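Asks: Here it is: the structure, laid out below.
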Amino acid sequence: MKVNTTRFGDLEVDKKDIITFKEGLLGFDNLKKFFIVDPGDQTLILWFQSIEDASTAFPIIEPKIFQPHYSVKLLPAEMASLNLESLGDASVYTILTIPEVVTDMSANLKAPIIINNQTKLARQIVLQDSKLEVRFKMYMDLKKYIVNFNASDDSRRTYVQPINGQAANEESVQETTVNNGNKLPKSPEA
């Protein structure tokens, strides 16, 4: 089906990709049908686009990208409302707030969007964990992930930097630790 959007223009959406909310999103109870738009950039930010309102799209991201230890614990009634037997059958996204000063970007870890991958039934659920933040500042964590992800691409990595016309020896190359414990050279301009 063809969907008109303000942000992305006209898009062709397969009916199997339409995500349905019985209750709508918090504050947007009247909007029940959405789909995910991947703009194809390196930010890893996706867009949750409404089918019913061309001008409504929310930036979303998988919280595991910037918070590897983030976990969702749902009550049995919440699992049942999504027809879920296991969270392994679901996708979890957080809605982002991206202000004019992009470094103040935050994620709503308290109320993630849970999508049943089989049925495409979804809910935004306010989690009971009092430690989770509604406005978790995550710009630097996301930036580190993106830099480390790009650094792991061998076509972009430079191991040896010339120093005064000679190849750098091991002592002259700075190293940085990546999340998985591997060492990667850090170029002087980084």
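The values are calculated or read from the model by the stated rules, or taken from the named source; none is laboratory data. Since we're looking at a predicted model, the values are computed, not measured. Using ideal geometry, Cβ is built from the backbone for each residue, glycine included, and neighbour counts are taken over all protein chains shown.
Asks: Within segment 57-66, work out how many residues are surrounded by 18 or more Cβ atoms within 10 Å (Cβ to Cβ) and part of a loop (DSSP other than H, G, I, E, B).
Replies: Number of matching residues: 1.
Asks: Just to check your reading of the model, which residue among 161, 166 is surrounded by 14 or more Cβ atoms within 10 Å (Cβ to Cβ), modelled with pLDDT under 75 and over 15 Å from the mean Cα position of the chain (by Cα)?
Replies: Working: 166 fails: surrounded by 14 or more Cβ atoms within 10 Å (Cβ to Cβ).
Result of the check over 161, 166: 161.
Asks: If you check 145, 139, which single one turns out to be within 19 Å of the chain's Cα centre (by Cα), modelled with pLDDT under 90 and more than 21 Å from residue 36 (Cβ to Cβ)? Don't jump to the end; show me each part of the working.
Replies: Details: 145 fails: more than 21 Å from residue 36 (Cβ to Cβ).
The match here is 139.
Asks: Another question about this same structure. Give segment 14-39 a look and list any residue that's under 20 Å from residue 95 (Cβ atoms), assigned to a loop (DSSP other than H, G, I, E, B) and not basic (Lys, Arg), or say none.
Replies: Answer for segment 14-39, where residues must be under 20 Å from residue 95 (Cβ atoms), assigned to a loop (DSSP other than H, G, I, E, B) and not basic (Lys, Arg): 18, 23, 24, 26, 27, 29, 30, 31, 38, 39.
Asks: Given the criterion at pLDDT 50 or above, over 26 Å from residue 45 (Cα atoms), in the same structural domain as residue 61 (by TED's automatic domain parsing) and not in a helix (DSSP H, G or I), identify the matching residue among 133, 85.
Replies: Among 133, 85, only 85 is at pLDDT 50 or above, over 26 Å from residue 45 (Cα atoms), in the same structural domain as residue 61 (by TED's automatic domain parsing) and not in a helix (DSSP H, G or I).
Asks: Exposed (fewer than 11 other Cβ atoms within 10 Å of the Cβ), farther than 22 Å from residue 140 by Cα and either in contact (Cβ under 8 Å) with a residue 24 or more places away in the chain or touching a Phe, Trp or Tyr at 6+ places or on another chain (Cβ under 7 Å) (or both): which single residue out of 22, 32 fits that description?
Replies: 22
Asks: Something else: I want to confirm something. Restricting to segment 102-122 and keeping residues that are under 13 Å from residue 67 (Cβ atoms) and within 14 Å of the chain's Cα centre (by Cα), which single residue is surrounded by the fewest Cβ atoms within 10 Å (Cβ to Cβ)? Talk me through it step by step, then tell me what you get.
Replies: Taking segment 102-122 first, the residues under 13 Å from residue 67 (Cβ atoms) are 106-110, 112.
With the extra rule that they be within 14 Å of the chain's Cα centre (by Cα), the set shrinks to 106-109, 112.
On the way: 106: 18, 107: 28, 108: 23, 109: 22, 112: 26.
For segment 102-122, the residue satisfying everything is 106.
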